[in-house]
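Every read-out reported here was derived from the displayed coordinates using simple, explicitly stated rules and does not represent laboratory data. Source: prediction; values computed, not measured. Neighbour counts are summed over all protein chains in view; Cβ atoms, including those assigned to glycine, are modelled from backbone coordinates with ideal geometry.
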Amino acid sequence: MSNLLFDGRELNMEEKFGLIAEAGFQGIDAFTPEPGESAELWRTLLEQYGLALSVNVYPRSIEDMRNALERAAAYGSIRAVNVQVLTPFVTGDAAVTLLSGIADLADEYKLPVNVETHRGTITQDLIRTAEYAERIPNLRLTADLSHYVLAGEMLNVPEQAEAYFQLLLSRADCIHARLSNGEQIQVDIGTDGSHPMLARYGQWWQDGMRSWQQSHPEGGSLLFVPELGPPPYAITIDEPTNRKREISDRWEQSLTLMRYARSLWDSI
């Protein structure tokens, strides 16, 4: 919703909540509200519009992660915590130790914690991330496969990558919906979902949904987030006025992804 204009202006906080709820979304992915008036406003609006809240954190250490979970636990009513571990050059046993500690903290605080597969973080390498998942049984993930498609310039996905994707999807409690074409991180899928890569991502997403259903016979809900960022994620046209105009309507594309995800879920 950042820098997203409706009739030439950005909506205020309550207008954004109302639009999100009216469109049929069930929650908001944001950050742990700051204590004080901000936290109370968020609490009021979430309750008023019947929306869940998941939050993002960016630790570099176990201490950072504990502090983030303390804040989340103090706020309460947080559906899940999405984690980008900002140590891209930590590898091997040191990475396993850090990720194991984060997974153990999730158990300690009884909060769903999902480490995101993301460029520039501890999970930036597909092969190493698959190894971490194999070595840490309680590590849960947010699967954003667009980062691996881009980093590996996977205009066509090799069989070896597919096997790794399936392993990570089997451990995902959250899916981030963004399409990379192997050259750009966030491409325009068309409001009718006509982009040729959408069916390929749809198969991955449905595989993740199916794995989640099989591993959660007690039910619950898998998080699916149409995660379309503003520039520089969104592709822009540089105009003579030095204004960067997005080529996509992020809101309409988010609606398309929401509807598409529900159709995938319903067809399992």
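What are the ³J(HN,Hα) values, in whole Hz, obtained from phi via the Karplus relation 6.51 cos²θ - 1.76 cosθ + 1.60 with θ = phi - 60°, for each residue of the range 140-149 in sequence order, with x given for Gly and Pro?
Karplus values, whole Hz, x for Gly and Pro: 10, 10, 9, 8, 10, 6, 4, 5, 6, 4.
What is the fewest-to-most order of Glu15, Glu246 by other Cβ atoms lying within 10 Å of their Cβ?
Ascending Cβ contact count within 10 Å gives the list Glu15, Glu246.
Output the antiparallel fraction of DSSP beta bridges having both residues in the range 54-266, as a percent to the nearest 5.
15 percent
Before rounding to the nearest 500, sum -39500 (n - 2.57) across all DSSP H runs of length at least 4 in the chain and divide by the residue total; then give [θ] at 222 nm in deg cm²/dmol.
Helix-only estimate at 222 nm: -14000 deg cm²/dmol.
Which ordering of Glu116, Glu34 is given by a fewest-first count of other beta-carbon atoms within 10 Å? Mind showing how you got there, number by number?
Details: Glu116 21, Glu34 11.
Going from sparsest to densest Cβ surroundings: Glu34, Glu116.
Once phi is turned into θ = phi - 60°, what whole-Hz ³J(HN,Hα) does the Karplus curve with 6.51, -1.76 and 1.60 give for every residue of the range 259-268, x standing for Gly and Pro?
5, 5, 4, 5, 5, 5, 4, 5, 9, 6
Using only Cα atoms, locate the centre of the range 209-268 and the centre of the range 1-61, then give the distance between them in Å, rounded to an integer.
Taking the Cα centre of each part, the range 209-268 and the range 1-61 sit 16 Å apart.
Classify the range 50-191 from the C-alpha gyration tensor, please: rounded if a/c falls under 1.5, else prolate or oblate depending on whether a/b exceeds b/c.
oblate
From the list (1) 19.2, 56; (2) 19.5, 68; (3) 18.4, 56, can you say which value of Rg and Dmax of the Cα atoms in Å was derived from the structure given?
(3)
I'd like to compare 189-196, 145-152, 51-58, 221-228: which one has the highest average count of other Cβ atoms within 10 Å, and what's the full order after that?
The peptides rank, most packed first, as 145-152, 221-228, 51-58, 189-196.
Hey, fewest Cβ within 10 Å first, where do Lys16, Lys244, Lys110 land in order?
Ordered from fewest to most neighbouring Cβ atoms within 10 Å, Lys16, Lys244, Lys110 come out as Lys110, Lys244, Lys16.
Place +1 on the Cβ of every Lys and Arg and -1 on the Cβ of every Asp and Glu in the range 54-266, take the dipole about the Cα centre, and give the residue among Asn67, Gln184, Leu86 whose Cα lies farthest towards its positive end.
Positive-end residue among those listed: Asn67.
What is the distance, in nm, between label points placed 7 Å from the Cα along the Cα-to-Cβ direction at Arg135 and at Ala23?
The answer from the label model is 4.0 nm.
Where is the GNM fluctuation largest for the chain (alpha-carbon springs, 10 angstrom cutoff): Asp249, Asp107, Asp238?
Asp238
Return the long-range amide H neighbours of Glu116 (sequence gap of 5 or more, or a different chain), with a cut-off of under 5 Å between placed amide H atoms.
Amide H neighbours of Glu116: Val83, Gln84, Val85, Thr142.
Among Thr129, Thr97, Thr142, which one shows the highest mean-square fluctuation when the chain is modelled as a Gaussian network with alpha-carbon springs under 10 Å?
Maximum among the listed residues: Thr97.
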